Amino acid sequence: MAANLLKTGTVFHKASPLEVSAYVRSHIGNHTLDILSPTARATLRHKNLGAVALSEITYGGRALVKSSGLDHCYHLQVVVEGACTVNYPDEEIRLLPGWATLINPGKSVDLRYSSDCQKMILKLPNTVLNACCREQFGHVPPAGVEFRNTGFPLDRDSAFFRLLEMLYLEADQQDRPNRLAAAQMERLLATKLLDLFPSNAGEGRRGADDEDFLDRVDRYIDANIRREICAGELAALFNMSLRTLYDRFHRLLGMAPGAYVKHRRYEGVRRQMLESSAGLRNVTEAALEFGFSHLGRFAAEYRGLFGELPSETLARRRRRSAAPGRFNTPPC
């Protein structure tokens, strides 16, 4: 993952970690710092893009950061180099390069930095995330949106990976960022967080009718998965207007009907390529079988969804099939 994106945002370079810690307490989040390497020299870069605070930090030695709770903001922590262990009161998460976790407001957490750990930290106000949650799900949970304590590999969604880079580059190149562009980017960030990181945002809103609706949608798509299905076709199937269909999809799934159909078709292709009994000879055959005729676009969109090219998926299945008797445990 790219490092040192905030070239114009250097606040400290190889400075005392205690100086850096004092600045972090004022601008990023309240905490205490224990430096476990006496010769450590810290570097911090920091800039704002609209309501989002963007930072790059390394303490230059092993460090323990203790936070008693980050008021009114979500903190996305991304490890670029080294390792960081995130300790919640009842759970521990170890982040390696390319992994991220999302820390909820008000949650106590301990962060253990390796000596070579470098991180990107994005601070997003809960007001921005709540607005996106209300737009996407039609409500905000009474106690606020709470994300699950878990790690997320950024290569699972290359579009999100590029979005983070774009946020940093936009903040870095603009002395006075365009306010409209910044507002759109912060909302896009909030929308992607709600989409990718497990949370309570969509809980408690689905009734029996909603579950029946989604079940019928899935069965219809699966029965016609090898061809395109337009929103008008689904609206006619459920005897509802296009606007009602779009509203229901956004409320229940957070996406438009066409996007959901496409996602499910891609999942179908992926299942076929991973099944040794499918007998697929190459990616072209798999794509055409599911009605994807533009192979370049198919490969790009597939990689955006699953973090790997379809050829890599097929090669992985072939390697697994060529090694009978071996257990193949997916990575945790």
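Pairs of Lys residues in the chain are counted when their Cα atoms are under 19 angstrom apart and they lie 8 or more places apart or on different chains; the count is 13. With respect to the chain, whose longest principal axis is taken over its alpha-carbon atoms, helix 208-223 is tilted by about 70°. Summing Cβ point charges (Lys, Arg +1; Asp, Glu -1) relative to the Cα centre of region 10-196 gives a dipole of roughly 260 debye. Averaged over residues, the count of other Cβ atoms within 10 Å places the peptides 48-60, 16-28, 187-199 in the sequence 48-60, 187-199, 16-28, highest first. Work out the length of the dipole vector of the chain about its Cα centre, built from +1 on the beta-carbon of each Lys and Arg and -1 on the beta-carbon of each Asp and Glu, and round it to the nearest 20 debye. It comes to approximately 640 debye. Take the Cα of D218, step 7 Å toward its Cβ, do the same at Q173, and the gap between the two points is 4.3 nm. Ranking G144, L167, Y302 by how far each Cα lies toward the positive end of the dipole of the chain (charges on Cβ) leaves Y302 at the top. Peptides 233-246, 121-134, 90-103 ranked from most to least packed by the mean count of surrounding Cβ atoms within 10 Å: 121-134, 90-103, 233-246. Take L305, project a point 7 Å from its Cα along the Cβ direction, then tell me which residues of region 148-163 have their backbone nitrogen under 20 Å from it. The answer is 153-163, whose backbone nitrogens lie closer than 20 Å to the label point. At R0 = 45 Å, how high is the FRET efficiency between M255 and H13 if r is their beta carbon distance? Nearest 0.05 is fine. Calculated transfer efficiency: 0.55. The charge dipole of region 208-321, taken about its Cα centre with unit charges on the Cβ atoms of Lys, Arg (+1), Asp and Glu (-1) only, comes to about 600 debye.
Quick check: the angle from helix 242-253's long axis to the longest principal axis of the chain, C-alpha only, nearest 10 degrees? On a 0 to 90 degree scale, this one is about 50.
Among D34, D209, D218, the residue with the largest mean-square fluctuation in a Gaussian network model of the chain, with springs joining Cα atoms closer than 10 Å, is D209.
The ellipsoid equivalent to the alpha-carbon distribution of region 48-207 has semi-axes of 24, 21, 14 angstrom, derived from the gyration tensor eigenvalues as √(5λ) and listed largest first. Spin-label model, A315 to E203: label points 7 Å out along the Cα-to-beta-carbon direction sit 4.1 nm apart. Counted by Cβ distance under 14 Å from N282, the other residues give a net charge of 0, where Lys and Arg count +1 and Asp and Glu count -1. In the chain, the longest principal axis of the Cα atoms and the axis of helix 179-196 are about 70 degrees apart.
No value in this document is a laboratory result; all are computed from the given coordinates. Everything numeric here is computed off the predicted structure, so don't read it as measured data. Heads up, the Cβs are rebuilt from the backbone with ideal geometry, glycines too, and the neighbour counts pull from every protein chain shown.
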